[in-house]
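Working notes for the structure below.
The values are calculated or read from the model by the stated rules, or taken from the named source; none is laboratory data. Bear in mind the structure is a predicted one, so any value in this text is a computation, not a measurement. Note that each Cβ is placed from the backbone with ideal geometry, even for glycine, and that neighbours are counted across all protein chains shown. Quick note on the areas: whole protein, heavy atoms, side chains included, nothing else; ligands and nucleic acids left out. Shrake-Rupley method; radii C 1.70, N 1.55, O 1.52, S 1.80 Å.
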Amino acid sequence: EAPYSEATDRDLCRSAAAAILEQTKVTKGWGLVLNCGTGQLAYELARNTDLQIIGLEPDPAKCSQARSRLEAAG
């Protein structure tokens, strides 16, 4: 089961990731997601590319949640 399967904005993050990839055409290298929240956009970008994603989140609670979910996803 995906780590964000119950998220209410799952479709929004999937659409945003698809739009980013369509516009940039970048699928390898590094990606940076600022204010990544719970990491859902970072997850979608990583899931659909060979990018190494770095997520930055100033809120410790959101950062912890993102770390837990992304670690669970592998």
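Tabulated values for the structure
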read-out: Segment 18-36 and segment 50-74: distance between their alpha carbon centers, rounded to Å; value: 16 Å
read-out: Charge dipole of the chain about the Cα centre (unit charges at C-beta), most positive-ward option of ALA7, ASN48, PRO60; value: ASN48
read-out: Amide N proximity, segment 16-40 versus ASP9 label position 7 Å along Cα-to-Cβ, cut-off under 17 Å; value: 16-20, 33-40
read-out: Ranked order, GLU71, GLU57, GLU6 - accessible area, probe 1.4 Å, largest first; value: GLU71, GLU6, GLU57
read-out: Computed magnitude of the charge dipole of the chain (debye, nearest 20; Cβ of K, R +1, Cβ of D, E -1); value: 180 debye
read-out: Label-point separation in nm, GLU22 to LYS62, each point 7 Å along Cα→Cβ; value: 2.5 nm
read-out: Residues whose placed amide H lies under 5 Å from that of GLY31, excluding near-sequence neighbours; value: GLN52, ILE53, ILE54
read-out: Residue-averaged 222 nm ellipticity for the chain, from DSSP H runs of 4+ at -39500 (n - 2.57), nearest 500; value: -15500 deg cm²/dmol
